[in-house]
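The values are calculated or read from the model by the stated rules, or taken from the named source; none is laboratory data. Here the structure is a predicted model, which is why all the values come from computation and not from measurement. As a convention, Cβ positions derive from the backbone with ideal geometry for all residues, glycine included, and neighbour counts pool all protein chains shown. What goes into the accessible areas is simple: the full protein's heavy atoms, side chains included, and nothing from ligands, DNA or RNA. Shrake-Rupley method; radii C 1.70, N 1.55, O 1.52, S 1.80 Å.
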Amino acid sequence: YAVYSDDHGKTWKVSRNSPTPSSKNRGDEAKVVELANGDILMSIRNPEKGYRKFAISKTKGETWQAAKVSDNLIEPACNGDILRYNHGGKDYLIHSLPSSKTDRENVTIHLSEDNGKTWSIKRQLVDGMSAYSSLTILDDGTIGCLVEVGRHHTATDEIGMRIIYYNFSLDW
């Protein structure tokens, strides 16, 4: 479900349905972004690993279409972030996710020029173990990304993560 406000946070509502309502179509840790046409796109972590799920709301979050697996955006059941970026009069979606079907590693920035139907441009941000990420657009027009970056200590079999900040431009 989505919890949303259409009055700047004075009141809150819960969507009437879930885009992942059954055990056969599960999902969690979703992120939403408003598209240029007013539709809401939900990017959903897929617990089965492999590919990201997406759902659309054409009713400002009140109802959702059933989530569908995107076969062109891989992810290993890990939280990521998505945002809309208008640059030079053109809308882009930018998504940060680990680029692996099985392991939380190689966080990559994906770019869509068609509202998330395809993710044709990608740039690897982190080499190696990395997981959750968060994106923002800065006042100077660059993009900031916080990423959990870790190392596997083979002697103790422990994983240690730290938060690293990255900054890049759309040109990158």
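Before moving on, here are some points about what is shown:
- Protection proxy ranking of 14-21, 42-49 - average other beta-carbon atoms within 10 Å, highest first: 42-49, 14-21
- Tally of Lys pairs whose C-alpha atoms are under 21 Å apart, taken over region 1-97, 8 or more apart or cross-chain: 16
- For the chain, the per residue solvent-accessible surface stands at 55 Å², with DNA, RNA and ligands left out and a 1.4 Å probe.
- Label sites at residue 4 and residue 72, each approximated as a point 7 angstrom past Cα along Cα to Cβ, lie 2.5 nm apart.
- Choice from 150, 116, 50 showing the highest fluctuation, given a GNM over the chain with Cα pairs closer than 10 Å: 150
- Calculated FRET efficiency, residue 139 to residue 24, Cβ-Cβ distance, R0 = 45 Å: about 0.50 to the nearest 0.05.
- Restricting the calculation to alpha carbons of the chain gives Rg and Dmax of 16.5, 54 angstrom.
- Solvent exposure of residue 140, expressed as accessible area, is near 120 Å², computed with a probe of 1.4 Å over the protein chains only.
- Once the C-beta distance of residue 39 and residue 120 is scaled by a Förster radius of 30 Å, the resulting FRET efficiency is 0.90 to the nearest 0.05.
- Order of exposure, largest accessible area first, which applies to 146, 135 with probe 1.4 Å: 146, 135
- For the chain, built as a Gaussian network whose Cα springs stay under 10 Å, the top-fluctuating residue of 23, 70, 133: 23
- Accessible area of residue 84 in the full protein assembly, 1.4 Å probe (Å², nearest 10): 90 Å²
- Eigenvalues of the alpha-carbon gyration tensor of region 5-47, scaled by 5 and square-rooted, set the equivalent ellipsoid semi-axes at 22, 14, 9 angstrom, largest first.
- Carbon and sulfur %, accessible surface of the chain computed with the full protein complex present, 1.4 Å: 49 percent
- Extension reserve of the residue 127-residue 83 stretch, reckoned as 0.36 nm per residue once the Cα distance is removed: 13.6 nm
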